[in-house]
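Notes for the one structure printed next.
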């Protein structure tokens, strides 16, 4: 399977726990790296949960030293999150570490029995087709530059891995929590699956085949969602009126796909159904707002907005500086950043603000603005409404002032009295919103 994905010069980082699975994978990859000419490193995540965590980290470092392979040890703090078990929180922290690694692939030692356990756990959680697809051999992570996840052992059984380890006289560590049947996975592994194996000895291969059927069905649903999204998109947003044309299952499939493509946490099935029903019943002049997990869904003028939920109250430190012609620094705040670039014939005229106080703050109300020189000065409120800027964005967008005169508004422009003339080198503010 590696031959299908790995090329000479690729950078592979093996996730090394020190258990038999990852120790065997390290042994195999170390040998293959000489033949396939890929670069191999290791990453060990110390969760700090077990009293033996430091011992495991030292074991992994010593093992990599033996192979002359660089290793990065990441120390994370794991605690139960809202709606998350300790096991799920630890997994979330691991994948956060994986996302920042400088590699083409993070290679995991999950195998055939892990795949079967994962599928059954998803089934008992009431997962849909995507969840029952279990673990893919290769998948992308969310970050733009994040390495892909690669699982080359998904068709290899636990017993085969253990046999290989004994034959090659490998040493490994044993996590004492693997015997704790209060964890769902361990309960399945020790109490349930041995009974199933007596009647269905090839159940891991059978469940792997089923998971691939589910994976194919999930791909078809994603393709349908892409077709439906293209139909519903207007100016880059899903429109409620077009969403109404679909049956409830089809509309739900589209909304679920759109949320996942935004990196959103999915709500429960019951809540997703309720959100969709409310959206489809919404009149164009009414607004909608619901929050869950890391996500907000809002509506404005019939369009659906999927936004990252603020982690706390939006804060903005006002920027004020007497300007003498020096380069203006980037200005950061919780909803984005402003940078200033030079542009001929565009932006703010430097000579009109020289020696004056430049300030950036949020709306207070009552501001007036004249972005077009052939039209009268008007209230900022009306201009923002005409520009179809959603209300929640109006209240958090930064405004640039010269002394007490409003100079620049993101998405609207620069006040006529401060605009650079043709041929003049102007200062153009650019706001990169994080929403």
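For the condition under 21 Å from the mean Cα position of the chain (by Cα) and either exposed (fewer than 12 other Cβ atoms within 10 Å of the Cβ) or not assigned by TED's automatic domain parsing to the domain that holds residue 290 (or both), what is the one hit in 263, 236?
Just one listed residue meets the conditions, 236.
Being modelled with pLDDT of 80 or more and not in a strand (DSSP E or B), is that true of even one residue in the range 303-313?
no
Is it the case that the range 150-159 has a residue that's part of a helix (DSSP H, G or I) and farther than 29 Å from residue 264 by Cα?
Checking the range 150-159: at least one residue is part of a helix (DSSP H, G or I) and farther than 29 Å from residue 264 by Cα.
Kindly list the number of the only condition in (1) exposed (fewer than 13 other Cβ atoms within 10 Å of the Cβ); (2) in contact with a helix residue (DSSP H, G or I) (Cβ under 6 Å, 6 or more places away or on another chain) that fails for residue 112.
So the condition that residue 112 fails would be (1).
Any residue that is part of a loop (DSSP other than H, G, I, E, B), modelled with pLDDT of 90 or more and under 15 Å from residue 411 (Cβ atoms) - is there at least one of those in the range 355-370?
The answer is yes, given that some residue of the range 355-370 is part of a loop (DSSP other than H, G, I, E, B), modelled with pLDDT of 90 or more and under 15 Å from residue 411 (Cβ atoms).
Confirm whether residue 384 is touching a residue at least 24 places away in the same chain (Cβ under 8 Å), touching a strand residue (DSSP E or B) at 6+ places or on another chain (Cβ under 9 Å) and either part of a strand (DSSP E or B) or not assigned by TED's automatic domain parsing to the domain that holds residue 342 (or both).
No, not satisfied.
Do we have any residue at all in the range 47-55 that's touching a strand residue (DSSP E or B) at 6+ places or on another chain (Cβ under 8 Å) and buried (at least 17 other Cβ atoms within 10 Å of the Cβ)?
Within the range 47-55 (the criterion being touching a strand residue (DSSP E or B) at 6+ places or on another chain (Cβ under 8 Å) and buried (at least 17 other Cβ atoms within 10 Å of the Cβ)), the answer is no, since none of the residues qualifies.
Looking at the structure I just gave you, is residue 316 surrounded by 14 or more Cβ atoms within 10 Å (Cβ to Cβ), modelled with pLDDT of 90 or more and touching a strand residue (DSSP E or B) at 6+ places or on another chain (Cβ under 6 Å)? Explain how you work it out, then say what you get.
Working: surrounded by 14 or more Cβ atoms within 10 Å (Cβ to Cβ): yes; modelled with pLDDT of 90 or more: no; touching a strand residue (DSSP E or B) at 6+ places or on another chain (Cβ under 6 Å): yes.
Against the criterion (surrounded by 14 or more Cβ atoms within 10 Å (Cβ to Cβ), modelled with pLDDT of 90 or more and touching a strand residue (DSSP E or B) at 6+ places or on another chain (Cβ under 6 Å)), residue 316 does not qualify.
Of all residues being loosely packed, with under 15 Cβ neighbours inside 10 Å and under 37 Å from the mean Cα position of the chain (by Cα) in the range 362-380, which is nearest to residue 336 (Cα to Cα)? Just the residue, please.
Only one residue tops the list, namely 364.
Table: residues versus (1) in contact with a strand residue (DSSP E or B) (Cβ under 7 Å, 6 or more places away or on another chain); (2) surrounded by fewer than 20 Cβ atoms within 10 Å (Cβ to Cβ); (3) more than 16 Å from residue 339 (Cβ to Cβ); (4) at pLDDT below 90.
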{"position": "394", "(1), (2), (3), (4)": "no, yes, yes, yes"}
{"position": "403", "(1), (2), (3), (4)": "yes, yes, yes, no"}
{"position": "416", "(1), (2), (3), (4)": "no, yes, yes, no"}
{"position": "420", "(1), (2), (3), (4)": "yes, no, yes, no"}
{"position": "427", "(1), (2), (3), (4)": "yes, no, no, no"}
{"position": "432", "(1), (2), (3), (4)": "yes, yes, no, yes"}
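Give me the pairs, please: first residue somewhere in the range 132-155 and over 11 Å from residue 98 (Cα atoms) and outside the structural domain of residue 219 (by TED's automatic domain parsing), second residue anywhere and buried (at least 20 other Cβ atoms within 10 Å of the Cβ) and at pLDDT below 90, beta-carbon distance under 8 Å, and either six or more positions apart or on two chains.
From residues that are over 11 Å from residue 98 (Cα atoms) and outside the structural domain of residue 219 (by TED's automatic domain parsing), there are no pairs.
The values are calculated or read from the model by the stated rules, or taken from the named source; none is laboratory data. What you see is a predicted model, and the numbers here were worked out from it, not measured in a lab. Neighbour counts are summed over all protein chains in view; Cβ atoms, including those assigned to glycine, are modelled from backbone coordinates with ideal geometry.
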